[in-house]
1. Between the helical axis of A:42-53 and the dominant principal axis of chain A, each derived from Cα atoms, what acute angle in degrees is found, rounded to the nearest 10?
2. Given a cut-off of 29 Å, name the pairs among A:Lys276/A:Lys441; A:Lys172/B:Lys76; A:Lys100/A:Lys495 whose C-alpha atoms lie farther apart than that in the structure shown.
3. Please work out how much length the chain gains when fully extended from A:Phe541 to A:Leu511, using 0.36 nm per residue of separation minus the C-alpha to C-alpha distance, in nm with one decimal.
4. Mind pulling the angle between the C-alpha long axis of helix A:360-369 and the longest principal axis of chain A? Nearest 10 degrees, somewhere in 0 to 90.
5. Suppose only helical runs count, i.e. DSSP H with n ≥ 4. What mean residue ellipticity at 222 nm does that imply for the protein assembly as shown under -39500 (n - 2.57) per run, divided by all residues and rounded to the nearest 500 deg cm²/dmol?
6. For chain A, what size does the Cα cloud have along each of its three principal axes, sorted from largest down, in whole Å?
7. Which angle between 0 and 90 degrees, to the nearest 10, do you get for helix A:247-262 versus the longest principal axis of chain A when only C-alpha atoms count?
8. Would you kindly state how much longer the chain becomes between A:Glu569 and A:Asn380 on full extension, computed as 0.36 nm times their sequence separation minus their alpha carbon distance, in nm to one decimal?
Amino acid sequence: MDQTTLNIIVVGLSFALYFGIAIWARAGSTSEFYAAGRGVNPVVNGMATAADWMSAASFISMAGLIAFVGYNNSSFLMGWTGGYVLMALLLAPYLRKFGKFTVPEFIGDRYYSTTARIVAVVCLIVISITYVIGQMSGAGVAFARFLEVDRDLGLFIAAGVVLVYAVLGGMKGITYTQVAQYCVLIIAYTIPAIFISLQLTGNPIPGLGLFSNMSEGTTGAGEPLLVTLNGLLTDLGFNQYTEGTSPVNMALFTLSLMIGTAGLPHVIIRFFTVPKVADARWSAGWALVFIALLYLTAPAVGAMARLNIMTTMWPQGVEGEAVAQEDLPDWFETWSVTGLLAVEDKNGDGRIQYYNESSEEMAAMAAERGWEGNELVTFNRDILVLANPEIAQLPSWVIALIAAGGIAAALSTAAGLLLAISSAISHDLIKSTLNPNISEKSELLAARISMIGAIAVATWLGLNPPGFAAQTVALAFGLAAASLFPTLMMGIFSKRMNSAGATWGMLAGLLTTCLYLFTYLGWFFIPGTNMLENTASNYLFGIPPASFGPIGALANFVVAYLVSKATAEPPQEIQDLVESIRVPRGAGAATGH
Amino acid sequence: MAEQPNNNAYWSANIRLVTYCLVIWALVSYGFAILLRPLLSGIAVGGTDLGFWFAQQGSILVFLVLIFFYAWRMNKIDREHGVDE
């Protein structure tokens with residue numbers, strides 16, 4: 001059986017599973033549509049949260065980001081998991097106790113202000129739409145590569161699949177579909193990693209293999225894997241894998257990812273689905289267990305793939321000859337077709353030299369040995385995980401599994417985001433502001449129609465991705481860090497925080513973050529309109545735009561504090577509300593909306 | 001709402017627990033893995049040092065333990081103050 005047929009069978013089976021679950025878990029009420037009827041077991045919810053949170057970026061891109069940078073990019077590992085500590089300790093149990101359906105709803109009620117609620121809706125939509133563009137186009141690329149269809153057709157298939165199970169099932173359907181998707185994606189991620197770890201170190205657990213010795217018959221047999229990798233990298237003029245450059249920037253970027261993670265609305269709403277406050281706490285822990293299974297494997301996948309690539313390019317070590325062009329493995333050819341991988345024999349010696357051409361030492365060596373620059377001219381970091389089974393020469397069913405896993409990661413996150421968007425529209429805009437007398441049945445219909453609308457917009461944006469999509473990801477994290485997180489936290493931990501303080505604080509966080517990003521990346525990301533060039537020497541205190549989230553959050557806190565000090569304290573019933581959010585007792589009863 | 005006067009004691013016990021947990025959270029990630037890494041450079045782990053391990057795996061494991069510890073302690077505090085469900 002050829003690879004494409006096998007891919008279609010495996011991916012098709014996984015879709016059949018998702019559809020079956022969607023039909024079984026159809027939502028009949030708004031409570032089921034928005035919060036899965038609040039009956040989800042904390043372990044199940046943890047698994048669904050893990051699938052919801054781990055997007056195409058975690059599954060496909062993260063290992064590649066770590067592989068090509070090494071220690072410095074540990075920020076992604078710590079940042080994307082450490083946010084769960086903040087969420088579990090500072091937000092999840094209290095928002096569950098509050099007992100409503102959406103994040104803007106909490107902000108609107110706690111700060112007794114429709115303005116605050118609308119500002120929160122705007123933040124939520126910007127954050128979620130940005131994410132969804134990436135997920136939809138990621139799923140489109142995965143379909144295109146593995147099913148050998150047109151990229152646009154791939155995107156339509158992805159949209160169709162999400163449409164069926166998200167619109168039908170709402171939060172209830174999504175929850176159980178995400179559980180299935182988690183199983184698919186974690187199996188797909190770990191199986192190749194286990195094989196590769198066994199090949200290189202003999203250790204079946206990749207996370208431990210990373211710190212083990214190389215096995216017999218491999219390059220550097222007997223010495224630790226990381227020592228071998230560092231040695232190969234420095235021989236070719238790259239930085240050591242385990243060395244860092246700027247600790248302060250790394251700490252700030254990590255903090256930015258942590259606060260951003262804790263403020264992401266589509267993850268926060270998952271904690272509304274469990275029966276009790278105590279379950280919300282456990283559930284955050286379980287979510288991190290399931291996320292950690294992938295995140296502890298990812299650094300091993302990154303380091304091992306990098307090592308495999310280096311030994312592929314230099315089969316006899318750096319002192320020997322580079323790989324001959326006709327000896328390049330098959331996966332080079334497969335991936336060259338996609339344009340994500342390219343080699344160019346610059347000096348025409350029939351071999352492909354891969355080295356760091358910007359290193360002076362290497363330039364001297366290159367001149368001596370007749371090389372004319374690095375000949376592995378393109379290596380897209382995203383192909384690392386997808387091509388991993390091919391790199392390690394694993395059987396074809398493993399490749400089919402990776403296809404299903406990548407698609408599951410993208411679709412589960414897209415579904416969660418689309419739900420967050422549609423509930424903000426139907427619940428926070430239509431029900432709360434435009435038509436408060438809407439019946440539950442009509443609201444459910446409105447929720448489904450806004451979901452279809454959101455999918456249509458996401459598909460259109462996926463087909464015509466705006467040039468700024470990549471940069472708005474930084475904006476989305478910065479925005480979540482600077483606007484939603486501090487406002488939610490102050491709503492719980494400060495009884496004195498009032499409507500004016502929260503609104504001005506949110507605006508301050510929002511505007512400083514946007515202003516800082518626009519200064520370097522252009523007004524609304526239009527190229528050429530930036531006021532300062534996007535280089536390290538121009539940054540305020542050397543802070544790169546992507547790390548600005550914590551500063552925006554600080555601006556939010558400070559402004560909110562000062563404004564609230566200068567204005568009247570919140571009314572008594574709001575102070576009582578805060579008091580009641582803080583104690584778990586009685587969460588089951590509070591569902592009025 | 002309008003619960004017993006012991007709500008203040010309950011809330012300060014909660015704040016204390018959260019503070020301790022966040023100190024550890026910051027120490028393992030920003031501390032051991034990044035800013036204080038040179039201090040740990042003498043401790044070798046599998047071909048590199050302990051700071052690298054904390055950056056790539058250790059802090060994630062500590063985060064996990066922290067959340068479960070918090071959930072367990074918090075449930076106990078809930079019961080002691082009679083605000084559990």
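No lab work stands behind these numbers, since they all come straight from the coordinates. Just so you know, these numbers come straight off a predicted model, no measurement behind them.
1. Roughly 60 degrees between the two axes.
2. Violating the 29 Å Cα-Cα cut-off are A:Lys172/B:Lys76.
3. Details: separation 30, 0.36 × 30 = 10.80 nm, distance 1.87 nm.
Using 0.36 nm per residue and subtracting the Cα-Cα distance, I get 8.9 nm.
4. 30
5. Details: 29 runs with 422 residues, N = 678.
About -20000 deg cm²/dmol.
6. Projected onto the principal axes, the Cα atoms of chain A cover 79, 55, 43 Å.
7. 50
8. Details: separation 189, 0.36 × 189 = 68.04 nm, distance 5.41 nm.
Net length gain for the segment: 62.6 nm.
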